[in-house]
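**Student:** Please read through the structure below; I'll follow up with questions.
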């Protein structure tokens, strides 16, 4: 049924109708179904908090999960959530307007964790660790307030593999982010349905809809994974996807690390 161009969830309306895009969409949907089934993520009647950062990965997640639910393959309630952490330049109106337009149930939460991180982290040190902890704590709180049983994140296959090598090379441990885990309190699951999805496919998704032959550059109009199109001035923080595969983060994001060494070492795995 994924081969029928007219058989498509409303979130994909306006997306390309090319054969290449159709194949990519089909592959991502199949990868997500595979991960959901393999790791036993579905509990009928459950409620998921699907976390949106404003970047390509979480938009891909938002595009795929409602489609699976729409097709009767994901019997859970979905609540999209964006945590605005007060980062300078974040386009605070883009996500709420998009979610309202697409009639996606959602919650937008503002918590100025950015000021806390700037105050606590010494100058010259990375903000990532503390920022991540504060963000995760707020997401757990929101999930409990909304009666959700799981927090659903947009980490993909490359994120999981890179975390493994970072732990191996920098920490001397064999560990990574699991596709499914229970939080320390034992009351919430954390799911990563994109665990089998390669990041290259998502870069290609952006490429296909940008009109560029290779990579996305600052100043381009950007079409995100759900098919929504935004002008450059709506995403002041768009970073370049360079030839080494550096990440694209929208909404005031920055390039966190180069991914070239991992991409050169790894072969796709199933």
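Read-outs throughout are calculated quantities, based only on the coordinates presented, and are distinct from any laboratory measurement. Just so it is clear, the structure is predicted and the values come from calculations on it, not from any experiment. As a convention, Cβ positions derive from the backbone with ideal geometry for all residues, glycine included, and neighbour counts pool all protein chains shown.
**Student:** Shape of the range 115-178 from its Cα gyration tensor (a ≥ b ≥ c, root eigenvalues): rounded if a/c is under 1.5, otherwise prolate when a/b > b/c, or oblate?
**Tutor:** Verdict is oblate for the range 115-178.
**Student:** Under a crude label model (7 Å from the Cα following the beta-carbon direction), how far is residue 165 from residue 43 in nanometres?
**Tutor:** 3.6
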